[in-house]
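J.: Here it is, the structure, as structure tokens.
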Amino acid sequence: MNLFEEIKNKLSHEFIDIVEWLDNTNDTIVYRFERYQNEIKNGAKLIVREGQTAVFISEGQLADVFTPGTYTLDTKNLPILTTLKGWKYGFNSPFKAEVYFVNTHLFTDEKWGTKNPFMLSDERFGLVEIRAFGTYSFRINDAGKFVVDIVGTDGHFTNYEVNEHLKSLIVTRFTDTVGEANLPIELYAANATELSETCKEVMQPEFDRVGIELEKFYIENVSMPEELKKEIFEYSRLDKLDMTKLAQFKAAKAMEAAAKNEGGTAGAGMGMGMGFVLAQQMGGLMGQTGVQQSQQNAMVPPPMPTQVMYHYAVNNQQMGPVSLDRLKELFASRTINKDSLVWKQGMANWSSLKDVEELKAFLGGSTPPPLPIA
């Protein structure tokens, strides 16, 4: 550039007396108004539109912040800048300041997610890996703080740049919150709404420190490995079903399927075997009918033995009552453990399973008494 073009450029910029920004993008958060040597003419007009805030930076310091409106730039509305400059006689010449326009409208449907799975400890399944993703929305609520702490000297700060910073913050606080929640692993997806609200409350102070308001935060999905899902489904089914009835049902279905296999030798044998067993049972019943009828009036059966029933605690909630066999199944499926509290009629207080004499057999490793001395 020759001397004439430089002077022409300087004069054309110096006499432009309107400072404004018309946003023609959807992702710009901060735009620096470019001026020749950052000079602004005394008495220039500043136009700040709705959804914008104008931030003045002078010599690296925050000078003034302007909300939507039209302003005449003189000592009446730039007292802070005047103090920084030390001007005693007002603006008699162009002054230098960087002007940053900050987009303050709501940015919606921003994506977040865990790049890698993170570990959680579950009482029943041990260490498990889960992933999560969702959306959030935010707005700039303190433009001065945001420009000073985040933007710096970047003349065109986009949505992508701030999202990279926010996503790292979100994932860190999300994993901390989920870890402290200490929920059973299958309940994270079922309680996504409550967990989202909790995460938002935890994250908001971090956003406030850089002048950002976290408007909404959503957890859309919490996923885990497929083999863990299958294990959880099986576990939930076993916890609800009567194991004795389940075994009888499966045995009946297996025999029915074998009996239908008429083309195979094994199926025919199974069908005949079932017939023999059924015939024996019917014969036995018929043979015993007369004896039973003759003895019915002579004998009265003794009363049925009373079965001891147990109550147990899971996640500080009282469950039961259940039989000894059912309690053993719950122990085998890791619903309860040696430290779980149990109670039966006759006990003064709840006790740990390992401290109840008849339940110690669940733990295994019983040691026989010493042999008698000959």
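J.: Where a ≥ b ≥ c are the square roots of the eigenvalues of the C-alpha gyration tensor, would you call the stretch 107-225 rounded, which needs a/c under 1.5, or, failing that, prolate if a/b is larger than b/c, or oblate? All intermediate terms of the calculation are to be shown ahead of the outcome.
T.: On the way: a/c = 2.52, a/b = 2.28, b/c = 1.10.
Note, shape of the stretch 107-225 comes out prolate.
J.: Can you give the local net charge around residue 364? Use residues other than it whose beta-carbon is closer than 14 angstrom to its beta-carbon, Lys and Arg +1, Asp and Glu -1. Please list the in-between numbers first.
T.: Values: positive: 328, 338, 354, 360; negative: none.
In short, +4.
J.: Then there's this: Can you tally the net charge around residue 107? Count Lys and Arg as +1, Asp and Glu as -1, for every other residue whose Cβ sits under 12 Å from the Cβ of residue 107.
T.: Details: positive: 111, 139, 216; negative: 27, 109, 110, 213, 215.
With Lys, Arg at +1 and Asp, Glu at -1, the net is -2.
J.: Oh, and also: Which order do the peptides 351-363, 321-333 come out in when sorted by mean C-beta neighbours inside 10 angstrom, highest first? Each step should come with its number before you reach the end.
T.: Working: 351-363: 13.9, 321-333: 16.3.
Top of the packing list down: 321-333, 351-363.
J.: Compute the relative contact order of the stretch 310-363 as a whole-number percentage, counting only Cα pairs closer than 8 Å that sit 6 or more residues apart in sequence. Present the calculation step by step, with values, prior to reporting the outcome.
T.: Working: 62 pairs, mean separation 16.4, N = 54.
Rounded, it is 30 percent for the stretch 310-363.
J.: Mind listing the long-range amide H neighbours of residue 314? Cut-off is under 5 Å, sequence gap 5 or more, other chains count too, H placed in the peptide plane at 1.01 Å from N.
T.: Here 319 satisfy the definition.
J.: What number comes out for the charge environment of residue 145, summing +1 per Lys or Arg and -1 per Asp or Glu over other residues with Cβ under 10 Å away? Mind dumping the intermediate values first?
T.: Working: positive: 209; negative: 142, 149, 208.
Here the charged neighbours net out to -2.
J.: Sticking with this one: Beyond a 19 Å Cα-Cα separation, which of these cross-linked pairs lie in this structure: 230/338; 167/200; 41/96?
T.: On the way: 230/338 26 Å; 167/200 13 Å; 41/96 9 Å.
Pairs exceeding 19 Å: 230/338.
Each reported figure results from applying straightforward, stated rules to the coordinates on display, with no laboratory input. The structure presented is a predicted model; accordingly, all values stated were derived computationally and were not measured. Quick reminder, even Gly has a Cβ in these numbers, built from the backbone with ideal geometry, and neighbours come from all protein chains shown.
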